[in-house]
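Notes for the one structure printed next.
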Amino acid sequence: MEVPGLAHNITSPLSPCEGMIKDLSLDAIQLCERDGSKSQDGSISETEELPVPQNIKISNITCDSFKICWDMEPRSKERITHYFIDLNKKENKNSNKFKHKDVPTKLVAKAVPLPMTVRGHWFLSPRTEYTVAVQTASKQTDGDYAISEWSEIIEFCTADYSTVHLNQLLGKAEVIAGRMLRFSVFYRNQNKEYFDHARENQDNRMLPSVKDNSGSHGSPISGKLEGIFFSCNTEFNTGKPPQDSPYGRHRFEVAADVLFNPDTNLYFGDFYCMYTAYHYVILVLAPKGSHGDEFCKQRLPALDISNNRFLTCKQDEEGDSGLLFHHAQDVILEVIYTESLDLALGTLGEISGHQLMSMSTVNAKKDPSCKTCNISVGR
């Protein structure tokens, strides 16, 4: 993720995996009260002057870790035994309200060589803005601490899930995907005004729009990838698309091979649920060489279009029907097509069922407690 809104003296990493020098282990780090002047037993003193950390730099930022270093005056440097790191979530209207809301964030670390890595999915969430300040401390023979003044406050933002994290999500999604069912069309439901606008103002085309913030909080496609959402799930008993939809009574249907064929790349985007038994898998269809394809190549796990657990396109080896298409039965697929699409390539109609608004996933928040679709990093 590009790190937005950083202070002037923060560096942004080229790779979250490069140059890790020293991790803060559970033996070297603990939590204490937020009060910056005393420890839990009140045994902090300021009788001896210690160097104040200067020119703090944050780098190698991932979704649940960061590297921190700073400059210090040489005087009394050898007396430093601990660092106090005051880490706080920067409050804003878009903050993740579903995790770590009341966790104390004063970290006490043994004085290890700098830079060091602060890591912990239990107090860091992806795509979240934080503030950090540092004190140096010297533990005395009587158990008290001599401490420096607090450093300046620095701001930074944690990153998206990496492909390592997305591959963990992918593995979890594969476990519950179920058997494959045949389908023949992708479909998109919207209200009548949406399609009227496409005809009258967009040269009869549906245009890509930026994906909302539904799904995992660390998803690298939320708020960044542009595309058009389609569905492909079918009813088990009819083999056809369901007649209910949360998105509108008007439906555009297009033959599967228009969007999905050997000239298309397929990517895994996300796996989530919304406090219900239903689980959703987001997939991305991107024509090879397109802008969307280049975006996904750098961020998402690629899937073999003929051999994966969610959505396949295979040549019919037993007949003359061309390509055969199958979708996973036990997850709801949300398919993002990254290009614009002419309405003349499909058909418009109206469904006979209901508009089930409760099933909408627009800006839906992921259930952070679900063991099926969460991994051990910030949600």
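Here are the numbers for this structure:
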{"item": "Accessible area per residue in Å² at 1.4 Å probe, computed on region 221-379", "result": "45 Å²"}
{"item": "Solvent-accessible surface (1.4 angstrom probe) belonging to residue 309, in square angstrom, nearest 10", "result": "100 Å²"}
{"item": "Average accessible surface area per residue within region 133-210, 1.4 Å rolling probe, Å²", "result": "48 Å²"}
{"item": "Backbone HN-Hα couplings from phi across region 301-315 [Karplus 6.51/-1.76/1.60, Hz, Gly and Pro as x]", "result": "x, 7, 10, 6, 5, 9, 8, 8, 8, 10, 8, 10, 9, 10, 6"}
{"item": "Scaled radius of gyration (Cα, divided by 2.2 N^0.38 Å) that region 244-330 gives", "result": "1.23"}
{"item": "With every protein chain in place, region 163-350: carbon and sulfur % of accessible area (1.4 Å)", "result": "47 percent"}
{"item": "Gained length - residue 316 relative to residue 298, 0.36 nm times residue gap less alpha-carbon distance", "result": "3.3 nm"}
{"item": "Pairwise FRET efficiency - residue 255 versus residue 201, Cβ, R0 = 30 Å, nearest 0.05", "result": "0.70"}
{"item": "Mean shadow area of region 228-379 over all directions, Cα convex hull, nm²", "result": "10.6 nm²"}
{"item": "Cα-based convex hull, region 125-186, per residue volume (Å³, whole number)", "result": "163 Å³"}
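The values are calculated or read from the model by the stated rules, or taken from the named source; none is laboratory data. Keep in mind that what you see is a predicted model, and the values were worked out from it rather than measured. For neighbour counting, all protein chains shown are included, and Cβ atoms are generated from backbone atoms with ideal geometry for every residue, glycine included. Protein only, heavy atoms only, side chains kept; ligands, DNA and RNA dropped before computing areas. Shrake-Rupley method; radii C 1.70, N 1.55, O 1.52, S 1.80 Å.
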